[in-house]
1. Determine if the range 17-27 includes at least one residue that is crowded, with 18+ Cβ neighbours inside 10 Å and either assigned to a strand (DSSP E or B) or not assigned by TED's automatic domain parsing to the domain that holds residue 148 (or both).
2. Return the only residue of 319, 315, 296 being closer than 26 Å to residue 506 by Cα, at pLDDT 95 or above, not assigned by TED's automatic domain parsing to the domain that holds residue 423 and not in a strand (DSSP E or B).
3. Just one of the numbered conditions (1) crowded, with 18+ Cβ neighbours inside 10 Å; (2) touching a helix residue (DSSP H, G or I) at 6+ places or on another chain (Cβ under 7 Å) is not true of residue 312; which one?
4. For residues that are farther than 15 Å from residue 165 by Cα and either touching a helix residue (DSSP H, G or I) at 6+ places or on another chain (Cβ under 8 Å) or surrounded by fewer than 21 Cβ atoms within 10 Å (Cβ to Cβ) (or both), scanning just the range 94-103, find the one that is modelled with the lowest pLDDT.
5. Have a look at 364, 331, 378, 335 and point out the one that is touching a helix residue (DSSP H, G or I) at 6+ places or on another chain (Cβ under 7 Å), in contact (Cβ under 8 Å) with a residue 24 or more places away in the chain and not in a strand (DSSP E or B).
6. Tell me, please, whether a residue that is touching a residue at least 40 places away in the same chain (Cβ under 8 Å) and either more than 27 Å from the chain's Cα centre (by Cα) or part of a strand (DSSP E or B) (or both) can be found in the range 210-221.
7. Would you say residue 325 is surrounded by 18 or more Cβ atoms within 10 Å (Cβ to Cβ) and either modelled with pLDDT under 95 or assigned to a loop (DSSP other than H, G, I, E, B) (or both)?
8. Just checking, which of 521, 505, 525, 530 is farther than 30 Å from residue 171 by Cα and either in a loop (DSSP other than H, G, I, E, B) or not assigned by TED's automatic domain parsing to the domain that holds residue 429 (or both)?
């Protein structure tokens, strides 16, 4: 087990907790006072030392070779922070030189911190992050080999920022500054223009560290489209061909759900890292087998749960994490309307898995992310009353129950003419509602005149309203702002994990929980709404 030695002179309980959250993904944190830390710095298990506010500049000779060194609010010989400014919002920029610590980090981001410019007297220290303060560009984080000095992270809130935390965590890795070659990516099931194959191809080509090298489809026109859409891509006819392509390190399965388990297993056995379109698969037994195979082979298995980065969901999650609702105890989500279901495979139960598995893969994932665990039991009621030409249910109401009394509901319906809220979250201090809004593209056509083309209702972020109870005054409403769009965030995290060692955002265990709920819901609906226990992971 790797140990990160944390040497701090400002170790309040809150600071200790913030540093622990920062360090834990990289190793076991061990806290020490400066006066007693010397002997531990040369420990065989110590892979990094984090100095926090330790007064004067530190001598690098205190630590053995190969150990990563990070100084927060203090410095080493040749680079040290200066005056700490009052806390406020600053804009942080990634410098132009190609430092692996900042790979795939936003080029510019806002941060609230007590910033201190880093004074550099040894020019071998190069800037990693800069801040413009009073119209002057200042080094904010600098690095020389294994040593990193940061004038950022002086507040606990700043250490929680995912961009800054990623840079600092990478600095804590002994190999954090080692360049890595790009990973070859192949897509299984390229599909029609604008489909998931094209989406993944676009995301891969936009993500540093990933390179689209192959695509597979049985349809010759789709293979030609892949070659036309992305120059240099090799087109394969079969999964077996792509699995045998040594240039493919990562395989993305963009096939209908009924094929996910079989194809993903073949690719894992071919020693590929595997990304699967949602859902992971249709049965818990298959999920467990895939996870076991990936673990045994040392391969990454993940699911394209891209809507974890939707702006409205991120805003909902932030409101909950910030405590604006108190403790949440009920979450309800909805998708649908009153219109004919799509006439593609998504509406055919034998191919898609049924109504629960389509949008339910996203909505149930949202609910489990907000609650932090899977429910103990599920009930589901389905209706087949209007749309007879497709096999999916017209409506499915899925209810989840937790052992401590918390509850949640997902409603998917093609027979609801007045849409309920997309999000409805109750907490002990308030309620949050997110309402769908109509989005349409309007244009004037020379021949037709005015043309209005509605967009799918679920693509635009919801309007979010938070209502909080105030003693003596009643309920006050606030509209929640949306965070910035995060283009191709899933693929960026995939590259961060495989190339930089950052935590994987969508773990196979979390996607397995979604499958367990959806499978239980399908069984409950078939049994007329009877409660069905959610299958726990193996060994529990």
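1. Looking only at the range 17-27, we keep the residues that are crowded, with 18+ Cβ neighbours inside 10 Å, and these are 18-19, 22-23, 26-27.
Now drop any that are not either assigned to a strand (DSSP E or B) or not assigned by TED's automatic domain parsing to the domain that holds residue 148 (or both), which leaves none.
Checked against the condition, which is being crowded, with 18+ Cβ neighbours inside 10 Å and either assigned to a strand (DSSP E or B) or not assigned by TED's automatic domain parsing to the domain that holds residue 148 (or both), the range 17-27 yields no hits at all.
2. Values: 319 fails: not assigned by TED's automatic domain parsing to the domain that holds residue 423; 315 fails: not assigned by TED's automatic domain parsing to the domain that holds residue 423.
Criteria check complete, one pass: 296.
3. (2)
4. Here is the first cut: in the range 94-103, the residues farther than 15 Å from residue 165 by Cα are 95-99.
Of the ones still in play, those that are also either touching a helix residue (DSSP H, G or I) at 6+ places or on another chain (Cβ under 8 Å) or surrounded by fewer than 21 Cβ atoms within 10 Å (Cβ to Cβ) (or both) are 95-98.
Details: 95: 92, 96: 68, 97: 65, 98: 75.
Among them, the one singled out is 97.
5. Details: 331 fails: not in a strand (DSSP E or B); 378 fails: not in a strand (DSSP E or B); 335 fails: not in a strand (DSSP E or B).
364 is the lone residue from the list that is touching a helix residue (DSSP H, G or I) at 6+ places or on another chain (Cβ under 7 Å), in contact (Cβ under 8 Å) with a residue 24 or more places away in the chain and not in a strand (DSSP E or B).
6. Within the range 210-221, one or more residues are touching a residue at least 40 places away in the same chain (Cβ under 8 Å) and either more than 27 Å from the chain's Cα centre (by Cα) or part of a strand (DSSP E or B) (or both).
7. Working: surrounded by 18 or more Cβ atoms within 10 Å (Cβ to Cβ): yes; either modelled with pLDDT under 95 or assigned to a loop (DSSP other than H, G, I, E, B) (or both): yes.
Judged against the criteria, residue 325 is a match.
8. Working: 521 fails: either in a loop (DSSP other than H, G, I, E, B) or not assigned by TED's automatic domain parsing to the domain that holds residue 429 (or both); 505 fails: farther than 30 Å from residue 171 by Cα; 525 fails: either in a loop (DSSP other than H, G, I, E, B) or not assigned by TED's automatic domain parsing to the domain that holds residue 429 (or both).
The match here is 530.
The values are calculated or read from the model by the stated rules, or taken from the named source; none is laboratory data. These numbers were taken from a predicted model, which means no experiment stands behind them. Cβ atoms come from the backbone with ideal geometry, glycine included; neighbour counts cover every protein chain shown.
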